[in-house]
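The values are calculated or read from the model by the stated rules, or taken from the named source; none is laboratory data. In this text the structure is predicted, and so the values were computed from the model without any measurement. With ideal geometry, Cβ positions are generated from the backbone for all residues, glycine too; neighbour counts draw on all protein chains shown.
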Amino acid sequence: MVSARVFVTELLEKADIQIGGNRPQDITVYDERFFNRVIRYGTLGLGEAYMDGWWDANALDAFINKALSAHVERGIAINLASVLTLAKAFLFNLQSRERAFTVGEVHYDLGNDLYEAMLDKRMVYTCGYWGGSPQKTLDEAQEAKLELVCKKMGLQKGDHILDIGCGWGSFAKYAAEKYGVSVVGLTVSKEQAVLARELCKGFPIEIRVQDYREVNEQFDRIVSLGMFEHVGVKNHRTYFEVANRCLKDDGLFLLHTIGYPISCLTSDPWINKYIFPGGLLPSIAQLGKATERLFIVEDLHNFGADYDKTLMAWFKNFDRAWPRLKGKYGERFYRMWKYYLLICAGAFRARDTQLWQIVLSKGGVPGGYQSVR
């Protein structure tokens with residue numbers, strides 16, 4: 001029988017990753033239990049072993065890029081963690097109304113100080129739009145993304161906007177400031193809402209701690225930036241029915257979401273346990289099915305490669321700020337957060353994960369929609 005060490009070593013070698021090597025993608029193993037843990041628990045075991053200090057990579061983002069590009073995960077696709085996660089997804093609606101606020105409590109309520117240190121000056125917690133320019137700063141890339149969204153929706157002064165998943169009010173404030181619109185922003189995070197209201201003070205912006213399913217008003221435009229990943233496949237149709245109900249007949253809806261190339265019922269077990277409980281990346285097929293008879297797809301724009309740059313910028317900010325944050329969060333949190341940011345950067349670099357901006361209308365734009373880039 002092949003030992004766990006030999007099995008994992010051979011699997012990594014297929015991705016040009018060496019144990020004990022000195023290249024960016026190579027790793028060092030400090031605890032022999034690492035090998036059995038990875039085989040038994042897959043990506044959950046890999047992430048937890050990293051948090052426990054059992055292994056390290058010369059560059060986590062490079063390691064994950066290599067591993068995903070070679071589809072190493074398929075070698076251990078069936079494991080205890082993945083089976084349990086899939087069973088829960090079949091049996092329960094993990095994004096029901098009762099569970100809607102869980103991700104807010106676990107992730108977004110961690111502390112505004114963490115996000116203020118990590119993000120750009122407008123506190124945008126979604127992919128920046130670098131537009132092929134590596135010379136851009138994070139601040140510039142995020143403002144370019146906000147401007148892109150406004151242009152795609154054709155905002156006009158006086159428009160009333162619904163922002164589903166408004167975060168700290170970055171889009172709401174930008175749109176109100178630059179385009180003279182009013183905004184209702186929804187969040188499931190009490191901590192976000194407190195700071196968002198402060199940052200948006202003086203503008204016609206209402207920040208609500210509210211589940212999207214509870215909204216009944218109508219709006220000229222709807223935007224949702226980086227929230228759909230928390231909806232879940234069992235609620236996709238409901239989400240778009242709510243958007244259809246809340247959008248005026250001549251309005252536009254811009255959906256900005258991370259996506260996955262294949263349809264799944266579950267997310268990565270480590271991400272689900274430690275970062276985004278109940279999260280699930282949609283596929284194009286799932287989005288298409290959920291929008292049938294509700295919306296016309298006017299435009300689809302994939303700039304997922306830009307998320308690699310965004311995540312690397314976030315990690316650089318987080319790492320630089322860590323000396324003043326570590327007293328509150330602790331060293332295990334540092335390894336968890338570093339792992340989260342860098343493996344996600346590697347996944348986008350490998351093009352294993354996508355970022356889509358989709359413009360939707362209820363009945364089709366007369367004469368056709370003019371795409372904006």
Unmet criterion (only one of (1) at pLDDT 95 or above; (2) within 30 Å of residue 217 (Cβ to Cβ)) for residue 279 = (1)
When only residues in segment 344-373 that are buried (at least 18 other Cβ atoms within 10 Å of the Cβ) and hydroxyl-bearing (Ser, Thr, Tyr) count, which is farthest from residue 50 (Cα to Cα)?
-> 369
Identify, please: which residue in segment 90-140 is in a loop (DSSP other than H, G, I, E, B) and at pLDDT below 75 and is, among those, surrounded by the fewest Cβ atoms within 10 Å (Cβ to Cβ)?
-> 134
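Determine which member of the set 341, 325, 287, 311 is under 18 Å from residue 255 (Cα atoms), surrounded by 16 or more Cβ atoms within 10 Å (Cβ to Cβ) and either out of contact with any Cys (no Cβ under 7 Å at 6 or more places or on another chain) or in contact (Cβ under 8 Å) with a residue 24 or more places away in the chain (or both).
287
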Would you please name the residue that is nearest to residue 112 (Cα to Cα), looking only at residues in segment 144-156 that are assigned to a helix (DSSP H, G or I), touching a helix residue (DSSP H, G or I) at 6+ places or on another chain (Cβ under 8 Å) and among the hydrophobic types (A, V, I, L, M, F, W, C)?
-> 146
Filter segment 290-308 for residues that are farther than 26 Å from residue 142 by Cβ and touching a helix residue (DSSP H, G or I) at 6+ places or on another chain (Cβ under 6 Å); which is surrounded by the fewest Cβ atoms within 10 Å (Cβ to Cβ)?
-> 294
Criterion violated by residue 168 - all others in (1) within 19 Å of the chain's Cα centre (by Cα); (2) among the aromatic types (Phe, Trp, Tyr); (3) surrounded by fewer than 23 Cβ atoms within 10 Å (Cβ to Cβ) satisfied | (3)
Qualifying residue in segment 282-289 (condition: farther than 25 Å from residue 139 by Cβ, in contact with a helix residue (DSSP H, G or I) (Cβ under 7 Å, 6 or more places away or on another chain) and either assigned by TED's automatic domain parsing to the domain that holds residue 67 or modelled with pLDDT of 95 or more (or both)) | yes
Check on residue 348, free of Cβ contacts under 8 Å to residues at least 60 places away in the same chain and either touching a strand residue (DSSP E or B) at 6+ places or on another chain (Cβ under 9 Å) or in the same structural domain as residue 44 (by TED's automatic domain parsing) (or both) | yes
Counting just the residues of segment 208-236 that are under 20 Å from the mean Cα position of the chain (by Cα) and charged (D, E, K, R), which one comes out nearest to residue 302 (Cα to Cα)?
-> 229
How about segment 1-34: which of its residues are modelled with pLDDT of 95 or more and of a type in the set (Phe, Trp, Tyr)?
-> 30, 34
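Being on the phi > 0 side of the Ramachandran plot, crowded, with 17+ Cβ neighbours inside 10 Å and outside any strand (DSSP E or B), is that true of even one residue in segment 267-276?
No, every residue in segment 267-276 fails to be on the phi > 0 side of the Ramachandran plot, crowded, with 17+ Cβ neighbours inside 10 Å and outside any strand (DSSP E or B).
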Answer from 184, 231 - the residue that is of a type outside the set (S, T, N, Q), buried (at least 24 other Cβ atoms within 10 Å of the Cβ) and either in the same structural domain as residue 112 (by TED's automatic domain parsing) or touching a Cys at 6+ places or on another chain (Cβ under 6 Å) (or both) | 231
Among the numbered conditions (1) in a strand (DSSP E or B); (2) under 24 Å from residue 69 (Cα atoms), tell me where residue 261 comes up short.
-> (1)
Could you check, for segment 293-310, whether at least one of its residues is at pLDDT below 95 and either of a type outside the set (D, E, K, R) or touching an Asp or Glu at 6+ places or on another chain (Cβ under 7 Å) (or both)?
-> no
